[in-house]
Amino acid sequence: MSRNVRIILSTAIYFLGLAVAIYIGGWVMLIKPVKQTIVAYTLGTLTLPQLIIAVIKCISSLTVAGLIWCLGYIASNHIFDSRDEIL
């Protein structure tokens, strides 16, 4: 595989990992549970287990986002690592 193709593929994988990390960590595990909790509270249907699950999701959202980002970074670095290039 040529150097340019590896660079493009590596960059695409990196940005894919970043986008998935933002979606899962930001939307699915942070914003969505907060919105659902606010709606449930407003409607008067909020239960303690629902609140506890929302709090756990919010606390662990950054950890999960960081893990997903790291996996994307490792995968992109596996495809193209500039330290392996001979000057």
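The values are calculated or read from the model by the stated rules, or taken from the named source; none is laboratory data. This one's a predicted model, so the numbers in the text were calculated from it and none came from an experiment. For neighbour counting, all protein chains shown are included, and Cβ atoms are generated from backbone atoms with ideal geometry for every residue, glycine included. Protein only, heavy atoms only, side chains kept; ligands, DNA and RNA dropped before computing areas. Shrake-Rupley method; radii C 1.70, N 1.55, O 1.52, S 1.80 Å.
Please work out which residue is farthest from Lys57 (Cα to Cα), limiting yourself to segment 1-43 and to residues that are touching a Phe, Trp or Tyr at 6+ places or on another chain (Cβ under 9 Å) and small (Gly, Ala, Ser). Taking the candidates together, the pick is Ser10.
If I ask for residues that are open to solvent by less than 100 Å² (accessible area, probe 1.4 Å), under 25 Å from Gln50 (Cβ atoms) and of a type outside the set (D, E, K, R), which ones from segment 1-35 would you list? Scanning segment 1-35 gives Ile24, Gly25, Gly26, Trp27, Val28, Met29, Leu30, Ile31, Pro33, Val34. Pick from Leu43, Leu67: which is more than 10 Å from the chain's Cα centre (by Cα), at pLDDT 95 or above and open to solvent by 80 Å² or more (accessible area, probe 1.4 Å)? Matching residue, one of Leu43, Leu67: Leu43. Taking residues in segment 34-58 that are over 22 Å from Ile24 (Cβ atoms) and touching a residue at least 24 places away in the same chain (Cβ under 8 Å), and partners anywhere that are of a type outside the set (Asp, Glu) and open to solvent by less than 70 Å² (accessible area, probe 1.4 Å), not one pair has Cβ atoms closer than 6 Å while being at least 6 places apart or on different chains.
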